[in-house]
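The values are calculated or read from the model by the stated rules, or taken from the named source; none is laboratory data. All of these numbers come straight from a predicted model, not from anything done at the bench. Note that we place each Cβ from the backbone using ideal geometry, even for glycine, and neighbour counts take in every protein chain shown.
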Amino acid sequence: MKKILLLNPPGNRPYIRDYYCSHIAKGIYYWPGYDLLVLSGILGKEHQIEVLDAIISGMSREDCFRRIKDMDVDVIIFITGSVSWREDFSFLEKVKKEKKALIIASGDFLLFQGSKIMKQFPFLDAVILDFTTRNILDFLDEEGGKNPDNLIIRNGEDIIEGNRSKTKEFEIPIPRHELFPLNKYTLPHLKKHPFASVLTAFGCPYQCLFCPFQQIPFKTRKVENILEEFDYIRSLGIKEIWFRDQTFLANKEHSLKLCKEMIEKNFFFSWSCETRVDLLNKDSLSLMKDAGCHTVMLGVESARQEILDRYKKGIKIDQIKVAFALCKKLKIKTLAHFIIGLPGEDEESQRELIDLAMQIDCDYASFNIASPQIGTTFRDQAISEGWISEKTDIMDSSCSYPLIETKGLSKEKVWMFHQLAVRKFYLRPGFLWKRICRLKSIKEGIILIREGVYFLREIFLPKTGKDD
Ligand code: SF4
């Protein structure tokens, strides 16, 4: 049995690095790193696990280093991402000099550049390419591993990249939710605290060209296995679930079967999920609501059909309007994701995007900045057009200054529209009143005040060309 530390490393900003996405946390919202959560179940049956989330615990690099230095640990598995990887690596390199532990990473850019990165950084012993598989157990058992499927491993001078899983269905040992500081995590739309993160399917079958999931094959989790996790979550007294699927309903039959089971087995969880406007209809949404769904998060991205088509989003503007209206009718709250500054957009289309956010009247809006993430066709385009260099490998789409400018929009304009969108959406008197009326406790009031302070700071503090 090995002593394994699952680590969310410290950072200069509140980085969120999980499930092949990384960005700076918006507002005061934060959730457990999903890779680590799943690994806690897979590894926890055979090994002794400790979890350290240095970001949510507010630990400085020095404090976190001292804490790890005092630990008796054989293996450190950490999450990283293109938002912070150089910072993460310098920390883990220092840890490796102090401890003899194996150092293993999971993160977005490593899916696409893991072997190259391992050659450059000898402190790294392995990279996990699919955190839902058990291959990491074999690797730890054999100290080097004969079968590095779903991993990249170091074997002496060699870097060996294993094959990636091609299964259509999977199951995982139940994640050890209780090892994470669940009371510290929060999201704006939750009905109850604490909440549990649960995966019902991995990857995404769609091909949106700005999203790294265009390259991550889709597989569904066995319904019985999900129900087993529900039983466990319920035994911990947790009543709220956030489904971490990239696209709930991507396999409609599977998702609706799960909803029926939730109703029949009286789980009574309240829950939310990410899905797509073209997958929603009255029947599926009604069933989801009966099963406890209170909020859906939907990618709108742009107000221009030609942009949605260019980036292969596969949805129509009309479908956006119909889906949001349907949610409103069924009293399901909505969060809409938008991208500001995609190539092809111009000042007029960005004003249309802000108007669309008001028109669909979503309950929450997430305005992100076009960011050519590693592993996307958008990045290939950005390099070939000279918008970024191949060396551009640190990026954030949530609240950092734009990286690219195109014929239609300068970086200054992209930033200006981002700030304008946030301001126009969140500072509407009607919106603020709605949020205040919805408050059910003093705790929610405190969260709203903290959220407000954050937004005012983000909106009114000027940025000056660099992410500062
Ligand atoms: S549907 Fe969502 S997760 Fe899937 S590729 Fe498109 S943007 Fe990415």
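So that you can scan it fast, the table gives a plain yes or no per residue for (1) closer than 26 Å to LEU179 by Cα; (2) surrounded by fewer than 21 Cβ atoms within 10 Å (Cβ to Cβ); (3) out of contact with any helix residue (DSSP H, G or I) (no Cβ under 9 Å at 6 or more places or on another chain); (4) not assigned by TED's automatic domain parsing to the domain that holds ILE216:
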site: VAL38; (1), (2), (3), (4): yes, no, yes, yes
site: ILE76; (1), (2), (3), (4): yes, no, no, yes
site: ILE79; (1), (2), (3), (4): yes, no, no, yes
site: ILE117; (1), (2), (3), (4): no, no, no, yes
site: LEU129; (1), (2), (3), (4): yes, no, no, yes
site: ASN147; (1), (2), (3), (4): no, yes, no, yes
site: LEU151; (1), (2), (3), (4): yes, no, no, yes
Inter-residue pairs, beta-carbon under 9 Å, first closer than 13 Å to HIS189 by Cα and in segment 436-448, second assigned to a loop (DSSP other than H, G, I, E, B) and β-branched (Val, Ile, Thr), 6+ apart: ILE447/ILE28
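For segment 202-218, give me the residue count where each residue is free of Cβ contacts under 8 Å to residues at least 60 places away in the same chain and more than 11 Å from the ligand (Cβ to nearest atom).
Residues meeting the conditions: 1.
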Filter result for the condition that a residue is under 21 Å from ASP290 (Cα atoms) and either without any contact (Cβ under 8 Å) to a residue 12 or more places away in the chain or over 21 Å from the mean Cα position of the chain (by Cα) (or both), over LYS168, LYS260, LYS191, LYS222: LYS260
Any hit, segment 237-245, residues being more than 21 Å from HIS177 (Cα to Cα) and either part of a loop (DSSP other than H, G, I, E, B) or under 18 Å from the mean Cα position of the chain (by Cα) (or both): no
Candidate set from segment 292-315 (those that are more than 20 Å from PHE248 (Cβ to Cβ) and away from the ligand (no atom under 13 Å from the Cβ)); member that is surrounded by the fewest Cβ atoms within 10 Å (Cβ to Cβ): GLU306
Out of SER389, SER371, SER400, sole residue that is surrounded by fewer than 18 Cβ atoms within 10 Å (Cβ to Cβ), assigned to a loop (DSSP other than H, G, I, E, B) and not hydrophobic (A, V, I, L, M, F, W, C): SER389
The listed residue being closer than 25 Å to PHE218 by Cβ and at pLDDT 95 or above, out of ILE128, ILE117, ILE103: ILE128
